[in-house]
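A short worksheet on the structure shown next.
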Amino acid sequence: MFEQGKRGYLMLKENQIYRMNSTFNPGYIECIVGTMFSGKSRELLYRGMRAEEFGDVKVLYFKPTVDTRDDEFIKSRDGMERRASLFSNGRELLNFVNGVPSLILIDEVQFCDESLIYAVQLLKFKGHNIVLSGLHTDFRGQPFGIMPQIMALSDTPIKSVFSVCNISGCHNDGVLPQRLRNGLPDSALSPTIIIEGSSEEITYEPRCADHHIVPDIDRYLLNQLSL
Ligand SMILES: [Zn+2]
């Protein structure tokens, strides 16, 4: 079931379409991206629950320690939840996984450090199926943490899930996370990571590109250019 030569490409080849399973694909890295309220945690939980129900595969749930909102649980807004193991880097993640090829589900990947890039590949080469979920852009609309690298490693088309833009009357997809400080768009010069709820004045909502407002974005980009 695990063929080295075929691993890694989902493509039309000689009129043959590689078919992915909706539960377990040993040796594959898969990626789910989207904004807040888009249901990306739900996608991850649904995948795990399907595997629990139909497969004889071990399902492991993980999230980085920096995401403390729901403690040790991955939760969806519609009430699904699973207890997750917390890890602070790739090495810690490897310590949780034994030799049996498993379905490994990791939420909030944008908060993980670069060591996860190497850990997930080691797991892939051992025949595990790793599904990673996260925000692909930060509140400025810039690539978020290691998500670009994780997306580059995905063996299947990246699953994008979006909510609707939060502006009343706008029906565009909310593809970008809008950060509000005291109800007003936050400056691009603010820190990348401020967890919602850790400071009561900070909130996030999904917005379309037309309604995504980031004061000082020009200054931020010029600063980055000169780093
Ligand atoms: Zn909009």
(request) Mind telling me which of the residues L105, L176, L116, L180 ends up being within 16 Å of the ligand (Cβ to nearest atom) and touching a Gly at 6+ places or on another chain (Cβ under 6 Å)? (result) L176
(request) Please find, within the stretch 123-173, the residue that is farthest from the ligand (Cβ to nearest atom) out of those that are surrounded by 22 or more Cβ atoms within 10 Å (Cβ to Cβ) and more than 23 Å from N89 (Cα to Cα). (result) R140
(request) Please go through the stretch 73-106 and pick out each residue that is in contact with a Leu (Cβ under 9 Å, 6 or more places away or on another chain), of a type outside the set (D, E) and assigned to a strand (DSSP E or B). (result) I74, K75, R82, S85, F87, L103, I104, L105, I106
(message) Criterion first (away from the ligand (no atom under 11 Å from the Cβ), of a type in the set (D, E, K, R) and more than 16 Å from M36 (Cβ to Cβ)) does R219 satisfy it?
(response) yes
(message) Could you check the stretch 20-37 and list, in sequence order, the residues that are part of a loop (DSSP other than H, G, I, E, B) and either modelled with pLDDT of 90 or more or under 11 Å from the mean Cα position of the chain (by Cα) (or both)?
(response) F24, N25, P26, G27, Y28, T35, M36
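The values are calculated or read from the model by the stated rules, or taken from the named source; none is laboratory data. What you are looking at is a predicted structure, and each value in this text was computed from that prediction instead of being measured. All Cβ positions, even for glycine, are placed from backbone atoms using ideal geometry, and neighbour counts span all protein chains on display.
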